[in-house]
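The values are calculated or read from the model by the stated rules, or taken from the named source; none is laboratory data. This structure is a prediction, so every number in the text was calculated from the model and none was measured. Using ideal geometry, Cβ is built from the backbone for each residue, glycine included, and neighbour counts are taken over all protein chains shown. Each accessible area value is taken on the protein alone, full model and side chains, heavy atoms only, with ligands, DNA and RNA left out. Shrake-Rupley method; radii C 1.70, N 1.55, O 1.52, S 1.80 Å.
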Amino acid sequence: MGSVGLLYVGAVLFVNGLMLLGTVPVRSASVLNLFVGALQCVVPTVLLIQAQGDSSAVLAASGLYLFGFTYLYVGISNLAGFEPEGIGWFSLFVACAALVYSFLSFTVSNDPVFGVIWLAWAALWTLFFLVLGLGRENLSRFTGWAAVLLSQPTCTVPAFLILTDNFHTTPAVAAGWAGALLVLLGLAKILAAPKAAVPQTHPVFN
C-alpha cells in the first residue's frame with residue numbers, strides 16, 4: 001500500500017519542482033499537494049492500524065507522514081497566502097529525520113536502495129529549507145530542477161518496481177542507484193546555471 005502513495009509523491013514532487021521553476025502556477029500546484037498530502041496521511045494510518053504492533057511495519061509506515069504533512073502544509077500555505085518560512089523549517093526537520101530513516105534502511109531494514117533514496121530525500125528537503133526557510137532564492141532554480149529530476153528515480157520508478165514485484169535491493173544495486181542520482185544532481189546544477197550573455201556583434205565597415 002505504501003508504494004501506491006510513493007507513486008503519487010513522484011507526481012507532486014515533479015509538479016512542485018516545476019512550480020519553483022515558474023512553469024506551474026502556485027495555486028494550481030497547491031491542489032495536487034492537498035490530494036497527495038491527504039493520501040500520504042490516510043495510507044500510513046491504515047498501515048499502522050493493520051500493523052498490530054509489528055515494529056517493522058510501524059517503522060515503514062511512520063516515515064510516510066513526513067511527506068503527507070509536507071504536502072498538506074505546502075497546499076494550505078500557498079492557497080492561504082502564508083509565509084513560506086514555516087514550511088522551510090519543517091523541511092529541515094524532515095531532512096534530519098530522512099537521515100535517520102536512511103541509517104535504519106541500511107542497518108535495520110537491510111534495504112540499501114532505500115537507504116540511498118532516503119539520503120536523496122534528505123538532500124532535497126535540505127534545499128527546501130535553504131530556499132523557503134532561509135530565503136536563499138539563488139538556489140530556487142537548482143532546487144526546482146533537483147526536484148524535477150529526482151522525483152521519478154526516487155519515487156515513481158521504485159513504486160512501479162515494487163508494485164510489479166521487480167524491486168531488488170542489494171549493495172551493488174544501491175551503488176548504481178547512488179551514481180545515477182548524483183549524475184542527476186549534477187545535471188540539475190548545469191540546468192540551473194545562469195545562461196551566459198551573448199555578446200553583441202556589430203558590423204565592421206571598411
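Brief remarks on what is shown
- Sorting 54, 165 by solvent-accessible area of protein heavy atoms yields 165, 54, largest first, with a 1.4 Å probe.
- Cα gyration tensor, the stretch 79-206 - rounded (a/c under 1.5), prolate or oblate: oblate
- Backbone HN-Hα couplings from phi across the stretch 36-50 [Karplus 6.51/-1.76/1.60, Hz, Gly and Pro as x]: 6, x, 5, 4, 7, 9, 5, 4, x, 5, 5, 5, 5, 5, 6
- Heavy-atom accessible area with a 1.4 Å probe sorts 76, 190, largest first, into 190, 76.
- The C-alpha atoms of the stretch 50-153 occupy a region whose extents along the principal axes are 41, 26, 22 Å, arranged from largest to smallest.
- Backbone phi angles across the stretch 114-124, fed through the Karplus curve with coefficients 6.51, -1.76 and 1.60 (θ = phi - 60°), yield HN-Hα couplings of 6, x, 5, 4, 5, 5, 5, 5, 4, 5, 5 Hz in residue order; Gly and Pro are listed as x.
- Distribution of pairwise C-alpha distances over the stretch 1-192, 5 Å bins, in %: 1, 8, 15, 22, 22, 15, 9, 4, 1, 0
- Peptides ranked, highest mean first, by Cβ atoms within 10 Å: ranges 5-12, 85-92: 5-12, 85-92
- Rounded to the nearest 20, the size of the Cβ-charge dipole of the stretch 1-192 about its Cα centre is 360 debye, with Lys and Arg at +1 and Asp and Glu at -1.
- Of the solvent-accessible surface of the chain, computed with a 1.4 Å probe over protein heavy atoms with every protein chain present, carbon and sulfur atoms account for 71 percent.
- Note on residue 79: accessible area approximately 70 square angstrom, rounded to 10, probe 1.4 Å, nucleic acids and ligands left out.
- Think of it as helices only: each DSSP H run of n ≥ 4 in the chain is worth -39500 (n - 2.57), and spread over all residues that comes to -24500 deg cm²/dmol at 222 nm.
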